[in-house]
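Student: Sharing a structure here in structure tokens format.
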Amino acid sequence: MTTTLSGREVSSKLGKEFLGSVVESTENSILVKSESLLPVASFLKTAPEFAFDYLTFVTAVDYNDYFEVVYHLTSLEHNCSLVLKTRCYERENPVLPSVVGLWRGADFQEREVYDLFGIKFEGHPNLKRIVLWEGFKGYPLRKDYIQW
Amino acid sequence: MEVAKGEGLDVFSFVELDKSEGEAVEELKARSKEPIPDPDRWLDREIRRHVLLSRLDDILNWAQNFSTWPVVCFPACCAFELIATAASRFDISRFGMEIIRASPRQADLMITAGTLTWKLAPWVRRIYDQMAEPKWVIAMGACGISGGTFASSYNVVPGYNRIIPVDVYIPGCPPRPEALLYGIEMLHKKIAKRSVFQEG
């Protein structure tokens, strides 16, 4: 069975260049600053002791004060998994870096997050709506979304 | 005409001749009053054996009743009940419906098995428009009727009747195959009432 890695252990193994990029690391997850998301993700993918070569899924959560985007990573080589999170405090025009360059599987799921939460992913090759139609008003999975 | 008497040749009696002629004429005249017999009367028995008189509506509706081919329109979970209905246990081929067409141009019936999102709605409408007349729609399940649990969602069509005309509604979430078969029987009754010379 796939082992779930502790966020604390992983953050302690991150190199010195990532000092200050980890905001919080718990037993279940590791939370990084949005500007250091790409370097950390790139390190987790390429470092041989982690080798997270597979992105299980991307999703987002609205905590009213901020959006949290969640990446579930899996290493097929070491048979282990990790939850990587980042936050976006901007509500009017939330922007986060896209991880499509690292994992192609993020393509549709980042589009879904963009569609339902309105979070823009910088560097996404084809960022457009996926489950709603052009012209839809609002972002339905936001907590303050009112339909009528 | 003079016939010598006493020669034993009293054959020609004008009186007798005229009388018999008159009888013959009278007989012919009397027979001419009788109705002329139908020269094709012998056909009757053959026709009774091979020809059944009925209304055109009845024949067309009977034919259409037992060849309502459904089109593929199964957006969600009601599809599994429809698949069960189509398979051997419940067997909609008893109603001449075993062929579920992938092409709407070969189908008469749309069984809307599942929740419909607004994103998909134009395509369902397009499939319906491509179906040849006459065509019918069965709204299967709560989602097909009214959107069901998802009726207030931002992306769910609250009932197929918002985009296409629906003939029969089958409640249930999902309806059992028996319910679907009952709905199909109701549709057959509706088709049987149809007249080809008027709309509907």
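Student: What number of residues in the range A:1-25 are farther than 27 Å from A:E122 by Cβ and surrounded by 11 or more Cβ atoms within 10 Å (Cβ to Cβ)?
Tutor: 8
Student: Out of A:R129, A:R111, report the one residue that is of a type in the set (K, R), within 14 Å of another protein chain (Cβ to nearest Cβ), surrounded by 14 or more Cβ atoms within 10 Å (Cβ to Cβ) and closer than 27 Å to A:T2 by Cβ.
Tutor: Numbers: A:R129 fails: closer than 27 Å to A:T2 by Cβ.
Matching residue, one of A:R129, A:R111: A:R111.
Student: Is it true that some residue in the range B:158-176 is in contact (Cβ under 8 Å) with a residue 24 or more places away in the chain, of a type in the set (F, W, Y) and either in contact with a helix residue (DSSP H, G or I) (Cβ under 6 Å, 6 or more places away or on another chain) or within 13 Å of B:A121 (Cα to Cα) (or both)?
Tutor: Checked against the condition, which is being in contact (Cβ under 8 Å) with a residue 24 or more places away in the chain, of a type in the set (F, W, Y) and either in contact with a helix residue (DSSP H, G or I) (Cβ under 6 Å, 6 or more places away or on another chain) or within 13 Å of B:A121 (Cα to Cα) (or both), the range B:158-176 yields at least one hit.
Student: Just a yes or no: is a residue in the range A:19-27 of a type outside the set (D, E) and in contact with a Cys (Cβ under 6 Å, 6 or more places away or on another chain)?
Tutor: Applying the first criterion (of a type outside the set (D, E)) to the range A:19-27 yields A:19-23, A:25-26.
Those still in the list that are in contact with a Cys (Cβ under 6 Å, 6 or more places away or on another chain) too: none.
Within the range A:19-27, none of the residues are of a type outside the set (D, E) and in contact with a Cys (Cβ under 6 Å, 6 or more places away or on another chain).
Student: I've got another one for you. In the range B:178-187, what count of residues is obtained for those that are in contact with a helix residue (DSSP H, G or I) (Cβ under 9 Å, 6 or more places away or on another chain) and either surrounded by 20 or more Cβ atoms within 10 Å (Cβ to Cβ) or under 13 Å from B:A142 (Cα atoms) (or both)?
Tutor: Of the residues in the range B:178-187, 4 are in contact with a helix residue (DSSP H, G or I) (Cβ under 9 Å, 6 or more places away or on another chain) and either surrounded by 20 or more Cβ atoms within 10 Å (Cβ to Cβ) or under 13 Å from B:A142 (Cα atoms) (or both).
Student: In addition: I'm told B:F95 meets every condition in (1) more than 14 Å from chain A (Cβ to nearest Cβ); (2) at pLDDT 90 or above except one. Can you identify the failing condition by its number?
Tutor: (2)
Table: residues versus (1) aliphatic (A, V, I, L, M); (2) outside any loop (DSSP other than H, G, I, E, B).
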| position | (1), (2) |
| --- | --- |
| B:P134 | no, no |
| B:A139 | yes, yes |
| B:G144 | no, yes |
| B:Y169 | no, yes |
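Student: So, B:R101, is that one touching a residue at least 24 places away in the same chain (Cβ under 8 Å) and of a type in the set (D, E, K, R) or not? Walk me through it before giving the result.
Tutor: Details: touching a residue at least 24 places away in the same chain (Cβ under 8 Å): yes; of a type in the set (D, E, K, R): yes.
Here the answer is yes, as B:R101 does meet what is asked.
Student: Can you name every residue in the range B:101-119 that is in a loop (DSSP other than H, G, I, E, B) and surrounded by fewer than 18 Cβ atoms within 10 Å (Cβ to Cβ)? Spell out the reasoning first.
Tutor: Taking the range B:101-119 and keeping what is in a loop (DSSP other than H, G, I, E, B), we get B:102-103, B:107-108, B:114-116, B:118-119.
Result: B:A102, B:S103, B:W118, B:K119.
Student: Let me ask something else. Would you check if there is a residue in the range A:96-107 being buried (at least 19 other Cβ atoms within 10 Å of the Cβ), within 11 Å of another protein chain (Cβ to nearest Cβ) and touching a strand residue (DSSP E or B) at 6+ places or on another chain (Cβ under 9 Å)?
Tutor: No, the conditions are met nowhere in the range A:96-107.
Student: Among the residues that make up the range B:125-141, is at least one of them within 14 Å of chain A (Cβ to nearest Cβ) and farther than 20 Å from B:C77 by Cβ?
Tutor: Within the range B:125-141, the subset within 14 Å of chain A (Cβ to nearest Cβ) is B:125.
Okay, now just the ones that are also farther than 20 Å from B:C77 by Cβ, so B:125.
So far as the range B:125-141 goes, yes, one or more of its residues are within 14 Å of chain A (Cβ to nearest Cβ) and farther than 20 Å from B:C77 by Cβ.
Student: I've got another one for you. Kindly evaluate A:S36 against the criterion of being over 24 Å from B:S153 (Cβ atoms), in contact (Cβ under 8 Å) with a residue 40 or more places away in the chain and away from every other protein chain (no Cβ under 14 Å). First the steps, then the outcome.
Tutor: Details: over 24 Å from B:S153 (Cβ atoms): yes; in contact (Cβ under 8 Å) with a residue 40 or more places away in the chain: no; away from every other protein chain (no Cβ under 14 Å): yes.
Taking the combined requirement at face value, the residue does not satisfy it.
Student: Collect the residues in the range A:21-41 that are touching a Gly at 6+ places or on another chain (Cβ under 7 Å) and outside any loop (DSSP other than H, G, I, E, B), keeping them in residue-number order. If you could, list the steps in order and put the result at the bottom.
Tutor: Of the range A:21-41, the ones touching a Gly at 6+ places or on another chain (Cβ under 7 Å) are A:25-30.
Once the filter is applied, which keeps residues that are touching a Gly at 6+ places or on another chain (Cβ under 7 Å) and outside any loop (DSSP other than H, G, I, E, B), the range A:21-41 yields A:S25, A:S29, A:I30.
Student: Looking at the range A:68-115, which of its residues are in contact (Cβ under 8 Å) with a residue 40 or more places away in the chain, over 21 Å from A:A51 (Cβ atoms) and of a type in the set (A, V, I, L, M)?
Tutor: Answer for the range A:68-115, where residues must be in contact (Cβ under 8 Å) with a residue 40 or more places away in the chain, over 21 Å from A:A51 (Cβ atoms) and of a type in the set (A, V, I, L, M): A:V69, A:L96, A:V113.
Student: Quick check on the range B:120-176: of everything there that is in contact with a Lys or Arg (Cβ under 9 Å, 6 or more places away or on another chain) and polar (S, T, N, Q), which residue is surrounded by the most Cβ atoms within 10 Å (Cβ to Cβ)?
Tutor: B:N155
Student: Here is a further query. Using the structure shown, decide if A:L44 is surrounded by 15 or more Cβ atoms within 10 Å (Cβ to Cβ) and assigned to a helix (DSSP H, G or I).
Tutor: Numbers: surrounded by 15 or more Cβ atoms within 10 Å (Cβ to Cβ): yes; assigned to a helix (DSSP H, G or I): yes.
Yes; evaluated as a whole, the condition is true for this residue.
Student: Inspect the range B:59-80 for any residue being within 14 Å of chain A (Cβ to nearest Cβ), in contact (Cβ under 8 Å) with a residue 12 or more places away in the chain and in contact with a strand residue (DSSP E or B) (Cβ under 8 Å, 6 or more places away or on another chain) and give the result as yes or no. Lay out the reasoning, then the answer.
Tutor: Step one: of the range B:59-80, the residues within 14 Å of chain A (Cβ to nearest Cβ) are B:75.
Pick out the ones that are also in contact (Cβ under 8 Å) with a residue 12 or more places away in the chain and you get B:75.
From what's left, in contact with a strand residue (DSSP E or B) (Cβ under 8 Å, 6 or more places away or on another chain): B:75.
Yes, the range B:59-80 has at least one match.
Student: With (1) touching a strand residue (DSSP E or B) at 6+ places or on another chain (Cβ under 8 Å); (2) of a type outside the set (A, V, I, L, M); (3) farther than 22 Å from A:D144 by Cα as the list, and A:E77 as the residue in question, which single condition is left unmet?
Tutor: Only one criterion is unmet by A:E77, namely (1).
The values are calculated or read from the model by the stated rules, or taken from the named source; none is laboratory data. This is a predicted model, so every value here is computed, not measured. Note that we place each Cβ from the backbone using ideal geometry, even for glycine, and neighbour counts take in every protein chain shown.
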